[in-house]
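Here the structure comes first, spelled out in structure tokens, and everything after it is commentary.
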Amino acid sequence: MTEEIKVRRLTAEQAQACVPALAEVLIDCVEGGASVSFMLPISRDTALAFWREVAQGVARGERILLAVEDAQQRVVGTAQLVTSQPENQPHRADVAKVLVHRAARGRGVGLRLMQSIDEAARAAGKSVLVLDTVTGGAAERLYVRAGWQRVGAVPNYALMPDGAFCGTTFYHKQLASD
């Protein structure tokens, strides 16, 4: 059903305008158990502040922000590409906060986001991408389907939103130049 969704790269102004909708996606994911740097209970103020900071990063040219809209133009997913890297890594970017609202899962949103991340990275001149995710989580299957390679796992790396420890698995993707 991927024809019902649209992935947009947001400008800084669009990112700022989408802060409330992006906050809803983040809150839904955290409340659904996603270990994405936030703990329960996550407040709306916390989520709004996070997305405002992301929008500022977009304005500074430090990251690319993608948003997925459904047929009703509601934001149902998002992902970031952190392009600002150390001087000796101009070819690399980090993928962060790949989030899909629970109501939109199973419709190809995650895979479309990952394909769009690849396209944005290539357009930004990036050839090496890295990300991390909860070990054993559904996102691992998504990343493997999208062509990512597992590097390794660190036990007890982070906390789940409920406070339980979780392992984190690191992945990389080498983008072929066109």
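One table, with the values for the structure above:
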item: Dipole magnitude of region 30-107 about its Cα centre (Cβ charges: Lys, Arg +1; Asp, Glu -1), debye to nearest 20; result: 200
item: FRET efficiency, 1/(1 + (r/R0)^6) with R0 25 Å, evaluated for Ala164 and Ser127 via beta carbons; result: 0.10
item: Extreme residue, positive dipole direction of region 2-174, given options Ala47, Gly163, Ile5 (C-beta unit charges); result: Ile5
item: Total formal charge among the other residues, if their Cβ is under 13 angstrom from that of Arg44, Lys/Arg +1 and Asp/Glu -1; result: -3
item: The chain - charge dipole about Cα centre, Lys and Arg +1 at Cβ, Asp and Glu -1, debye rounded to 20; result: 300
item: Residues Lys6, Lys126, sorted so that the one with the fewest Cβ neighbours within 10 Å comes first; result: Lys6, Lys126
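Read the figures in this text as sums done on the coordinates, not as results from a lab. All values reported here derive from a predicted model rather than from experimental measurement. Don't worry about glycine lacking a Cβ; one is built from the backbone with ideal geometry, like all the others, and counts go over all protein chains shown.
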